[in-house]
């Protein structure tokens, strides 16, 4: 099983007691260049999701390292090209909504970034998430300010996503851009909901999942209403069809093909795979000829929808815009 498909599920096993995702003091004005000029800027003090105060002595950060893909997506969306990115190849494979516009240094894996590589970049700021081990954060903090964001919160997945965007924007002096991104996202949700209502699909049941194959065994990961995609689906007026329990951070569950028999008959089953990662496409691979899979009412009815590759399920507002377009398009065609 590849690391990227396990990252979210493994990370959620850690116990997190986190404050709301960040406040700021002496926040800088927005600058359309993705960060205010160093000379005239005043220090910024931010409070991250762990309650730690992080001070940027020279004002908004311009040389930023991102240890998670949603952080990187936010930075690029805000007009800030990160100087260092964890697993650049993986980001380019799984997050097509916001392509990298520069050639950042690859700092290693998302779970184990290279301390030496990051130090060589001499960044103003490192933005990490609660998925990064505390020991790594401590090491990184010895040389450079580290702003830690809560990776996810199943009690308010969409709210956590936008809070993270806001905190990154405050750290980089791009708050005006963040406001526009959030406004555009709200507009996208309104348009998507109207399209579904107009097609008679408002209130319909949707079960989103991804899956993977390990040692020839298929595992299926339900995205409950506490997941980011589940939260987006509900804002589109759809009902989450899963009755399994998700974890407290990512809202992800676990089941197998037999578990799919518990879904309501009128479910629309939606998933994302990636042809560049064969282990992530069991629905068109190992399950294609499986008798249980073929017997499912939504499979027989043709209500199985594979969305486009490259939609990052744990991304930020622009990935969610991409998801809304893909989902509405699949359900209404």
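The values are calculated or read from the model by the stated rules, or taken from the named source; none is laboratory data. Worth saying up front: this structure is predicted, and the values here are computed from it rather than measured. FYI the Cβ positions are ideal-geometry reconstructions off the backbone, even for glycines, and counts take in every protein chain you see.
Just the residues that are at pLDDT 95 or above and either surrounded by fewer than 17 Cβ atoms within 10 Å (Cβ to Cβ) or outside the structural domain of residue 307 (by TED's automatic domain parsing) (or both), please, taken from region 202-224. Result: 202, 203. Taken over region 82-116, the residue count meeting the criterion of being without any contact (Cβ under 8 Å) to a residue 60 or more places away in the chain, more than 15 Å from residue 146 (Cβ to Cβ) and assigned to a helix (DSSP H, G or I) is 5. Buried (at least 21 other Cβ atoms within 10 Å of the Cβ) and either part of a loop (DSSP other than H, G, I, E, B) or without any contact (Cβ under 8 Å) to a residue 60 or more places away in the chain (or both): does that describe residue 293? Judged against the criteria, residue 293 is not a match. Within region 321-333, the set of residues being touching a strand residue (DSSP E or B) at 6+ places or on another chain (Cβ under 8 Å) and surrounded by fewer than 24 Cβ atoms within 10 Å (Cβ to Cβ) comprises 326, 330, 331.
Looking only at residues of region 307-320 that are touching a helix residue (DSSP H, G or I) at 6+ places or on another chain (Cβ under 8 Å) and more than 21 Å from residue 226 (Cβ to Cβ), we find that the one that is surrounded by the fewest Cβ atoms within 10 Å (Cβ to Cβ) is 308. The C-beta contact set for region 195-209 (first residue assigned to a helix (DSSP H, G or I), second residue crowded, with 18+ Cβ neighbours inside 10 Å, distance under 8 angstrom, 6+ apart or interchain) comprises 195/328; 196/204; 196/236; 196/238; 196/328; 196/331.
Out of contact with any helix residue (DSSP H, G or I) (no Cβ under 7 Å at 6 or more places or on another chain) and modelled with pLDDT under 95, is that true of residue 12? So residue 12 fits the description; yes. Residue 287 falls short of the stated requirement of being in a helix (DSSP H, G or I) and buried (at least 17 other Cβ atoms within 10 Å of the Cβ).
Each residue in region 54-83 was checked for being within 14 Å of residue 168 (Cα to Cα) and either surrounded by fewer than 15 Cβ atoms within 10 Å (Cβ to Cβ) or at pLDDT below 95 (or both), and 1 of them qualify. Just one of the listed residues (273, 259) is within 19 Å of residue 207 (Cβ to Cβ), at pLDDT below 95 and in contact with a strand residue (DSSP E or B) (Cβ under 8 Å, 6 or more places away or on another chain), namely 273.
Residues considered: 144, 172, 162, 148. Of these, the only one that is in contact with a strand residue (DSSP E or B) (Cβ under 9 Å, 6 or more places away or on another chain), assigned by TED's automatic domain parsing to the domain that holds residue 116, in contact (Cβ under 8 Å) with a residue 24 or more places away in the chain and under 18 Å from residue 98 (Cα atoms) is 172. For residue 276, the requirement of being surrounded by fewer than 18 Cβ atoms within 10 Å (Cβ to Cβ), on the phi < 0 side of the Ramachandran plot and touching a helix residue (DSSP H, G or I) at 6+ places or on another chain (Cβ under 6 Å) is met.
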